[in-house]
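Would you mind keeping the following structure in view while I ask a few things?
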Amino acid sequence: MPNKPKKTNTRLVLNVLSIVVGMFGLAYASVPLYSLFCKATGFGGTTQEAVKMPERVFDRKIRVLFNTDVSPELSWQFKPLQSTQTVKVGETKLAFFEAENTGDEPVVGMAMYNVTPSKIGAYFDKVQCFCFNQQLIKPHQKVSFPVSFFIDPAIMDDKNLDDVSEVTLSYSFFKYKDQTLAQKYLENLKNKINNNGK
């Protein structure tokens, strides 16, 4: 009889540990799974990645506004080089954004994006984009980022989007948690200075 409470306690501890490990695993997997879900469905204004180019351009025009934000952790300035563009459904457009590192250290950033109204996310297709890639910007360097996009002609068959005449494409830059690229840049710079001094 005295051994029974010990076995019960051990089983309880193992069950609690299993739950904790399972929760950590679920939390770790939830971000990429949510990202895949959003990309597949356009949920939350997530734009799509183009699989093929549109075969037809329609007369319907949609005005695209461009918005940018920067995390306070980054000493960057980030702006669209055009405030708006008018695009026909099925027409491929190219827009440019510019980021400048105003600080004295190289920094790696990563951009995330979305569109509003969110219901157009499933029809806003990117052909080329700088988002979700590590972007190293050197001290006081300006970098231009292109974005190629189109509005999927399938929008013409969705009566729920007949009222959409204006879309805002927003990009937000955040400091990337892994600054290895910035450290490598500084190491290479030091090596060059040391080699030139010899």
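No lab work stands behind these numbers, since they all come straight from the coordinates. What you see is a predicted model, and the numbers here were worked out from it, not measured in a lab. Counting neighbours? That spans all protein chains shown, and the Cβs are built from the backbone with ideal geometry, glycine included.
If a paramagnetic tag sat 7 Å from the Cα of LYS119 along the Cα-Cβ line, which residues of region 55-80 would have the backbone N under 15 Å from that point?
So the set is empty, nothing qualifies.
Taking 0.36 nm per residue of separation and subtracting the Cα-Cα distance, what length does fully extending LEU81 through VAL127 add?
Details: separation 46, 0.36 × 46 = 16.56 nm, distance 1.85 nm.
Difference between extended and current length: 14.7 nm.
Working from the alpha-carbon coordinates of region 70-198, get Rg over Rh, Rh being the Kirkwood radius. All intermediate terms of the calculation are to be shown ahead of the outcome.
Working: Rg = 18.7 Å, Rh = 16.7 Å.
Using Cα coordinates only, the ratio equals 1.12.
State the Cα centre-to-centre distance between region 157-185 and region 56-107 in whole Å.
9 Å
Output ³J(HN,Hα) for region 124-129: one whole-Hz value per residue in order, computed from phi by the Karplus curve 6.51 cos²θ - 1.76 cosθ + 1.60 with θ = phi - 60°, and x for Gly and Pro.
9, 9, 9, 8, 9, 7
If amide H atoms are built 1.01 Å from N in the plane of the peptide, which residues on other chains or at least 5 residues away come under 5 Å of the amide H of GLY103?
For GLY103, whose amide H was placed from the backbone, the distant partners under 5 Å are HIS140.
Further, regarding this structure: With contacts defined as alpha carbon pairs under 8 Å and 6 or more residues apart, what's the relative contact order of region 63-198 in percent?
On the way: 275 pairs, mean separation 45.3, N = 136.
Over region 63-198, the number comes to 33 percent.
In this model, which of LYS126/LYS177; LYS142/LYS175; LYS79/LYS175 are farther than 18 Å apart at the alpha-carbon?
Working: LYS126/LYS177 25 Å; LYS142/LYS175 16 Å; LYS79/LYS175 16 Å.
Pairs exceeding 18 Å: LYS126/LYS177.
In whole Hz, what ³J(HN,Hα) sequence does region 80-94 give by Karplus (6.51, -1.76, 1.60; θ = phi - 60°), x for Gly and Pro?
Each residue of region 80-94 in turn: x, 8, 9, 7, 8, 9, 9, 10, 7, 4, x, 8, 8, 10, 10 Hz.
Could the peptides 180-190, 106-116 be put in order, highest first, of the mean number of other beta-carbon atoms found within 10 Å of their residues?
Numbers: 180-190: 13.0, 106-116: 19.8.
Highest-to-lowest ranking by the protection proxy: 106-116, 180-190.
May I have the pair-distance distribution P(r) for region 109-185, computed from all Cα-Cα distances with 10 Å bins from 0 and rounded to whole percent?
Each 10 Å bin holds this share of Cα pairs: 15, 40, 25, 14, 6, 0.
With labels modelled as points extended 7 Å from the Cα through the Cβ direction, what inter-label distance (nm, one decimal) is found for THR8 paired with SER165?
Going from the THR8 label point to the SER165 one covers 7.2 nm.
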